[in-house]
1. In segment 219-261, which trypsin sites (Lys or Arg not before Pro) fall in coil by DSSP and have 16 or fewer other Cβ atoms within 10 Å?
2. Okay, helix-only estimate at 222 nm for the chain: each DSSP H run of n ≥ 4 adds -39500 (n - 2.57), divide by all residues, round to 500 deg cm²/dmol; what do you get?
3. Once you list every other residue whose beta carbon is under 15 Å from the beta carbon of Lys235, what net charge do they have if Lys and Arg are +1 and Asp and Glu are -1?
4. Using 0.36 nm times the number of residues separating Val258 and His115, minus their current alpha carbon distance, what extension gain do you get?
5. Residues in segment 65-83, backbone N under 19 Å from the label point at His168 (7 Å along the Cα-to-beta-carbon vector): list them, ranges by number please.
6. In segment 278-371, which trypsin sites (Lys or Arg not before Pro) fall in coil by DSSP and have 14 or fewer other Cβ atoms within 10 Å?
7. For Arg265, what charge total do you get from the other residues with a beta carbon under 15 Å from its beta carbon, if Lys and Arg give +1 and Asp and Glu give -1?
8. Most exposed first by the Cβ proxy, i.e. fewest other Cβ within 10 Å, how do Phe349, Phe527, Phe442 rank?
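Every number here is computed from the coordinates shown, using simple stated rules; none is lab data. Being a predicted model, the structure only gives us computed values, none of them experimental. Glycine also receives a Cβ, built like all others from the backbone with ideal geometry; neighbour counts cover every protein chain displayed.
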Amino acid sequence: MDCIHDPSIDRSNGQIFCEKKIMGDKDMANKCKLNLRHKEFYPIQGAGYEGFFRGYFYYENQYVTHENFVDIVKEASSEEITKWNGEFALILQTEDETTLVTDKKRTIPLFYSKHETNSWIVQDFIEPKPSMSIRKDSEEELLLAGFVSGDKTLFDGWYQLEVASIVHLKENASKYCYYSYVTEKDQDSLDNFAEELAHILHHIFDDLVERLDGRKIILPLSGGYDSRIVALLLKDKGLSDSIITFTYGRPGNGEATVSKQIADRLGLQWKYFAYDKAMWEELYKSKLWKDYVVYACNGTSVAHLQDFPSTKLLVEEEGLENAVFIPGHSLDFLGGSHLPYEAILDKEFTSQEVVDFIIPKHFRLWQLENGLSHTTSDIGKSVTKDVSSYKTLTNERVTSIIDEWNWKERQAKFIINSVRVYEYFDQDWTLPLWDDRLIYFFSKIPADLKYKKYLYDFALHKMYPDFYPLPPKPGAENSLKNKYGVLYPLLRKVYRKRKLYRQYFEEPMEWYGIYPTYKQYKQSLSFKRNGTKYTHPYNINAFIAKDMIQMMKELAK
């Protein structure tokens, strides 16, 4: 299973594509061609199988990588895979089939397609090529949400593995999800839950210290609760001298100020990178940006923007080689920050009410002139199908369904996919705040303790009272719908429109400088697609999604 390097597809940033073919000893009908670009997909070979593995996981108190995978893993059944806790992707080939496996976060993406010769192609990337066609339903999802839901991609005939998925490729593809976030809730006191969470966090960071093994650690330190707890725990574990923290944005912005204060209090090295409109204009027009967008989006997600300039500069200034970036994704989400107050009310919900919680939250990058139907649109039908598989819709189950959909779609495909920016500059990453133990813990927490991160914030206060204030118990006053009643839709529309015209000058990241003048920015605030007018972009990702799709179409002509 040698890796064949094709000089014609070597990347300017040092990434190398490897073409690999795997098959059994016999000449069989089931053949699978692999194109793997990441250098850390390592070959493995055991009794009756061979394949490739990237990443790590813990299994029965053992740390598993490609080096000991064959010795420890005796069976890769769905029951056993459920017990693997880590960041990994696995490709296995037997005489009968090819099996693909992703972790519970989709940290390492895999894609597959049926070749015209009736054989399968498996890749860890998708690049647009001539003759590839764009799926209209996927295009609309990417425009409105910034990601493509389910196992679809932007390109017809190409599919992605979702979180916690096993896909078997034989004559046809079959898929199985080996973990669900929708589970029964535990009942315990706030103090006991907080103590358990602190215990879990310390265990996770004990494991992390062993994996880091003296390597340089890079922390994007926003000053928010998530990145702050990463910094505090790593300092507690004695790694201060190995850490570089950094932040960015317009000089004097609030996040950078807090970031500097936290770094100084902890005695950590801190670097700041100033962003301005001229920088964004130059970057957005560059070949480097276009190359990165193709690398990062893989036909499934908007490319992560805000860390790109600072990561490039940091790698260059520090001469980083395989440093480990540890972003603070996304314990605030697991802790309950995305739950609406209306979903925690003690009542029985309808499927339509659950759909109405999900669609406005996630499909809002652009507003459609005639609105997005929650019942008849492709998006509405897709979300309804996801929700309708659940019955007995109590508030505990509904909040779990809302979070599960968010976890499988936005978090995995947009938030977690942001680590591609570190890969692009040939650096490593890890996501301790997405450890499986935290997923399990928060899946069992009652809705009233998760709402507005109450338990999470309380636990952080108990752990580090000098860095986190004691949170008040949140209630109905935090619901804008409840606060403003029937006026809420109108007030929200007025606020969004006002923000839209001011953000060009007020955004602390300055990224609307991708348009060199305010006039050009205003001209970009609406467009037509297939006879439908798109207006009121929600944030910078709306513009990136629109431009990215156009780029993909041009490359696929």
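1. Lys237
2. -11000 deg cm²/dmol
3. Working: positive: Arg228, Lys237, Arg265; negative: Asp206, Asp236, Asp241, Asp264, Asp466.
For residues surrounding Lys235, the net value is -2.
4. 46.3 nm
5. Of the residues in segment 65-83, 74-83 have backbone N under 19 Å from the label point off His168.
6. Numbers: sites: Lys285, Lys287, Lys290, Lys312, Lys347, Lys361, Arg364; in loops: Lys285, Lys347, Arg364.
Those satisfying the criteria are Lys285, Lys347.
7. Values: positive: Arg228, Lys235, Lys260; negative: Asp236, Asp264, Asp466.
Neighbour charge sum, excluding Arg265 itself: 0.
8. Fewest-to-most Cβ neighbours within 10 Å comes out as Phe527, Phe349, Phe442.
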